[in-house]
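Here's the structure we're looking at; comments come further down.
The values are calculated or read from the model by the stated rules, or taken from the named source; none is laboratory data. None of the values given here were measured: they were computed from a predicted structure. Here the Cβ is made from the backbone with ideal geometry for all residues, glycine too, and neighbour counts use every protein chain on show.
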Ligand SMILES: C[S@@+](CC[C@H](N)C(=O)[O-])C[C@H]1O[C@@H](n2cnc3c(N)ncnc32)[C@H](O)[C@@H]1O
């Protein structure tokens, strides 16, 4: 099993065949949410500009096939997780149900549901629902003696006491305010279009790695996309493994991560 490496292919078969069971300290997974083709569409809308619609083949499932897919990848990831290891899964209201049901069935304990409040969320032009402005990250653990780097997480909290000291966790909640990735961090083509529809903020991944891994631990991301987990893990001196089925995204990830290799074709 090679580390600091991107594996190319389907994450379920790679997790089942290429990695050592019980070797991974932390899984961060940002799976397809099965949103494609299911959002409201207002073709002649004049008020909100172009209405961004998620429409990716890798994100398209029927209800039943999504449930099967969710069970298969979570089971494969849990097998790789060490005793007392952590698994964080990004999701929204659309798939949180499947993720919690499956993970609990696999014997994991749900410690927190972190809420990411997207401060620059898309405006609600439909006027038919409340504006969607949040995503979640479910934190599951395998066993009861999990790692939580409380002192490190305290330093992540930007708030300080009057004397400038780190604050206790009282006011650092399971709630994090961050913009959807923009500016220099966002990967774009020459025309300024985002190269990946769901690139995650590095800051979000940093918090997860800080809380639930130590230096040299192996962090695995089965839906590597543009390699955000690899960049943050490298910076924080964690070993990482990424799996991605789309070779174009792998090329982007390799560019972003110094020393990122392709281990498997
Ligand atoms: C939500 S995106 C992850 C984005 C990533 N967190 C980032 O910051 O760039 C999900 C990724 O999983 C990949 N993917 C979907 N199904 C997969 C599978 N079965 N095996 C491996 N990769 C898969 C997609 O190509 C997509 O890049």
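Values computed for the structure shown
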item	result
Exclusive hit being away from the ligand (no atom under 16 Å from the Cβ) and either surrounded by fewer than 14 Cβ atoms within 10 Å (Cβ to Cβ) or outside any loop (DSSP other than H, G, I, E, B) (or both), set 253, 211, 233	211
Complete set of residues in the range 215-229 that are within 10 Å of the ligand (Cβ to nearest atom) and closer than 19 Å to residue 10 by Cβ	221, 222, 223, 224, 225, 226, 227, 229
Hits in the range 1-39 (condition: within 20 Å of residue 63 (Cα to Cα) and more than 9 Å from the ligand (Cβ to nearest atom))	34, 35, 36, 37, 38, 39
Test: residue in the range 193-204 that is more than 10 Å from the ligand (Cβ to nearest atom) and more than 12 Å from the chain's Cα centre (by Cα)	yes
Those residues of the range 179-189 which are surrounded by 12 or more Cβ atoms within 10 Å (Cβ to Cβ) and either more than 16 Å from the ligand (Cβ to nearest atom) or more than 21 Å from residue 32 (Cα to Cα) (or both), in sequence order	185
Where a residue in the range 3-30 is under 24 Å from residue 258 (Cβ atoms) and in a helix (DSSP H, G or I) and its partner, wherever it lies, is within 11 Å of the ligand (Cβ to nearest atom) and at pLDDT 95 or above, with Cβ under 6 Å and at least six apart	11/73; 11/222; 11/243; 14/7; 14/243
Test: residue 200 is closer than 19 Å to residue 86 by Cβ, part of a loop (DSSP other than H, G, I, E, B), touching a helix residue (DSSP H, G or I) at 6+ places or on another chain (Cβ under 6 Å) and touching a residue at least 12 places away in the same chain (Cβ under 8 Å)	yes
Residue 192, sole failed condition from (1) without any contact (Cβ under 8 Å) to a residue 40 or more places away in the chain; (2) surrounded by fewer than 23 Cβ atoms within 10 Å (Cβ to Cβ); (3) in contact with a strand residue (DSSP E or B) (Cβ under 8 Å, 6 or more places away or on another chain)	(3)
